[in-house]
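The values are calculated or read from the model by the stated rules, or taken from the named source; none is laboratory data. The structure presented is a predicted model; accordingly, all values stated were derived computationally and were not measured. Heads up, the Cβs are rebuilt from the backbone with ideal geometry, glycines too, and the neighbour counts pull from every protein chain shown. Surface accessibility is based on the protein's heavy atoms, side chains included, excluding ligands, DNA and RNA. Shrake-Rupley method; radii C 1.70, N 1.55, O 1.52, S 1.80 Å.
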2 protein chains.
Amino acid sequence: MAANSSDEPVLEELDRAECMKLLAGGTIGRVAFDDGEGPTVVPVNYAVEGDSVIFRTSASGRLNRNLLSAVTGGEVRAAFEVDRFEEAHHEGWSVLLRGGAHPLSEAEKAEVAQVRPWPGGDREAWFRLAASSVTGRRLRRG
Amino acid sequence: MAANSSDEPVLEELDRAECMKLLAGGTIGRVAFDDGEGPTVVPVNYAVEGDSVIFRTSASGRLNRNLLSAVTGGEVRAAFEVDRFEEAHHEGWSVLLRGGAHPLSEAEKAEVAQVRPWPGGDREAWFRLAASSVTGRRLRRG
């Protein structure tokens, strides 16, 4: 058998509509940004609103401090990743949004999609990441 | 009841030993790096070797091209994130490695921990991310 036999999973690109549908079905994503010491990744709960994701974090926590300190001209370049993989079948998918993230004002918080964070306590720093690109891949058997 | 009632999950920091133990039990992580257009995140299969993670990707694929083009002075700043969350109980954990990633030579590939990628086909570009920092958090009920 060749190395790439037909029962091995293959990666296929997902179109934007499918990416947004998968994104809408999730509850935890990962924000990636540069905090001044290189790339970092933080899991957050989120909600989808149009082509944006809204996420919340602790106002006093590292994510907020680092994101705020990275904000220049109102926003910081960031990526937002959601995936689901099945260990048993070696199948799954991932979706990636890339764009600018910016903190929400009190007025904006009241208007946007509401996010329900799993952790208790203060989660009063809200951000919106507006997607300038949306890509995704599915790993499935042929 | 106050907003932070005692049955809401709380976030606690994990020590390095616990982070490395959780990391060793996983098979899929997410590499974050700047590809010149901002932060990006790519899921990969991996293996752990000491304080490093080894991951593989397609030699002709975007991850390899972008990682290689981002390499300066032999390495690129990157982060590697692994997590597991339970939707039903709103509990879980995440571990983050930060450090430099560099491509492995043929000689190095033969010597390092072997990674078994789920996707079929060419996965002949290998990288090592050596952790300069290891942090993690657990979300659990009090």
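Tabulated data
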| read-out | value |
| --- | --- |
| Aspartates and glutamates with Cα under 19 Å of residue B:21, excluding same-chain neighbours fewer than 8 positions away | A:87, B:12, B:13, B:49, B:51, B:81, B:83, B:86, B:91 |
| Hz values of 3J(HN,Hα) by residue in region B:87-97 - Karplus curve (6.51, -1.76, 1.60), Gly and Pro given as x | 4, 5, 10, 6, 10, x, 8, 9, 10, 10, 9 |
| Cut-off 9 Å between beta-carbons: net charge of the residues surrounding residue A:38, Lys and Arg +1, Asp and Glu -1 | -2 |
| Where a label projected 7 Å from the Cα of residue A:71 along Cα→Cβ would reach, residues of region A:115-133 with amide N under 20 Å | A:115-117, A:122-132 |
| Residue of chain B nearest the B-to-A rotation axis [by Cβ], rounded angstrom distance | B:32, 2 |
| Antiparallel %, DSSP beta bridges [both residues in chain A], to 5 | 100 |
| Unit charges on C-beta of K, R, D, E only; dipole of chain A, Debye | 200 |
| Sparse-neighbour loop sites [GluC sites (Glu not before Pro); region B:1-83; at most 13 other C-beta within 10 Å; DSSP] | B:37 |
| Relative contact order computed over region A:15-141 (Cα-Cα under 8 Å; 6+ residues apart), in percent | 31 |
| Within the accessible area of the protein assembly as shown (1.4 Å probe), percent carbon and sulfur | 48 |
| Label 7 Å beyond Cα on the Cβ vector: residue B:11 copy-to-copy distances, nm | 2.9 |
| Gyration tensor (alpha-carbon) shape descriptor, the protein assembly as shown, a/c threshold 1.5 | prolate |
| Solvent-accessible surface ranking, highest first, for A:65, B:141, A:56 at 1.4 angstrom | A:65, B:141, A:56 |
| Electrostatic dipole magnitude of region B:44-84 [Cβ: Lys, Arg +1; Asp, Glu -1; Cα centre; debye, to 20] | 260 |
| Equivalent ellipsoid semi-axes, region B:15-141, via Cα gyration tensor eigenvalues times 5, rooted, Å | 25, 15, 15 |
| Cβ-vector label at 7 Å, residue B:142, separations to other copies in nm | 5.5 |
| Selection of GluC sites (Glu not before Pro), region B:99-142, meeting DSSP coil and at most 15 other Cβ within 10 Å | B:124 |
| Sequence-distant residues sharing a close amide H with residue B:112 (under 5 Å, placed H) | none |
| Other-copy label distances relative to residue B:60, 7 angstrom Cα-Cβ extension, nm | 5.5 |
| Minimum 50 Å² accessible area buried by the other protein chains, region B:15-46 residues, probe 1.4 Å, relative to alone | B:30, B:39, B:41, B:43 |
| Accessible surface, per residue, of region B:26-110 when the full set of protein chains is kept, probe 1.4 Å, Å² | 40 |
| Estimated buried accessible area (total), pair B and A, 1.4 Å, Å² to nearest 100 | 3400 |
